[in-house]
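*Asks:* Sharing a structure here in structure tokens format.
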Amino acid sequence: MINLKFGDVVTAVASLTVILILLIYPLTLAFNQALGYAEASLIGGVIALILSAIIVGYIFTQKIWEENRTKTIAKITVLFAFIVIFMSYMEWAATDYTPVVKENYLKANPTATPSALDWYNIESMALTLEKFAMVILVSPLVFIGLYIGSMLKKPTKT
């Protein structure tokens, strides 16, 4: 049995990321008119994620089947989850989420008067929740998509 090289996992994750980016924007645009931006972004993202995982599973079928398929898919999924966490940090660094976090917090707690340190902790928790939610959403979808993609084409005998 041949062990999957780390470079193969990185190539699969890079391919998954590029395909996801190429699919997510057009799908979000397609759903935007009917659903509004927030829902279109979520639904377009989920569909793009599953489709890109299926495509990568199909493309990398041979590499996935060379080793224990579940273990190989898990390696790709874990590395991609790390990339998603990193992308979440980058999104928060590039965008001013503070007004959104404050508005949502004050809507839920109308009589609250948090201090500056409290706001820092509230925003930190919002970022932690975002990372947690992304990993919980992304990991199973990528795993399932890679598994389905690797089932669509039987590997060649070597």
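*Asks:* Being among the aliphatic types (A, V, I, L, M), surrounded by 18 or more Cβ atoms within 10 Å (Cβ to Cβ) and farther than 19 Å from residue 136 by Cβ is the requirement here; does residue 35 meet it? First the steps, then the outcome.
*Replies:* Details: among the aliphatic types (A, V, I, L, M): yes; surrounded by 18 or more Cβ atoms within 10 Å (Cβ to Cβ): no; farther than 19 Å from residue 136 by Cβ: yes.
No; evaluated as a whole, the condition is false for this residue.
*Asks:* Filter segment 7-32 for residues that are over 15 Å from residue 87 (Cβ atoms) and of a type in the set (Gly, Ala, Ser); which is surrounded by the fewest Cβ atoms within 10 Å (Cβ to Cβ)?
*Replies:* Filtering first and then ranking leaves 7.
*Asks:* Would you confirm whether any residue within segment 24-33 is closer than 14 Å to residue 150 by Cα, touching a helix residue (DSSP H, G or I) at 6+ places or on another chain (Cβ under 7 Å), assigned to a helix (DSSP H, G or I) and of a type outside the set (Gly, Ala, Ser)?
*Replies:* Restricting attention to segment 24-33, the residues satisfying the condition of being closer than 14 Å to residue 150 by Cα are none.
No, segment 24-33 contains no residue that is closer than 14 Å to residue 150 by Cα, touching a helix residue (DSSP H, G or I) at 6+ places or on another chain (Cβ under 7 Å), assigned to a helix (DSSP H, G or I) and of a type outside the set (Gly, Ala, Ser).
*Asks:* Across segment 1-37, what is the number of residues that are more than 19 Å from residue 135 (Cα to Cα) and small (Gly, Ala, Ser)?
*Replies:* In the first step, residues of segment 1-37 are kept if they are more than 19 Å from residue 135 (Cα to Cα); the result is 1-8, 11, 22-23, 25-37.
After this cut, where a residue has to be small (Gly, Ala, Ser) as well, the list is 7, 30, 34, 36.
The number of residues fulfilling the criteria is 4.
*Asks:* Within segment 39-158, which helices (runs of 4 or more DSSP H) (wholly inside it) include 2 or more residues that are within 12 Å of the chain's Cα centre (by Cα) and surrounded by fewer than 16 Cβ atoms within 10 Å (Cβ to Cβ)?
*Replies:* 69-94, 116-152
Here, each number is a calculation from the coordinates, and none is a lab measurement. Just so we're clear, the structure is a prediction, and the values are computed from it rather than from any experiment. Reconstructed Cβ throughout: ideal geometry from the backbone, glycine too, with neighbour counts over all protein chains shown.
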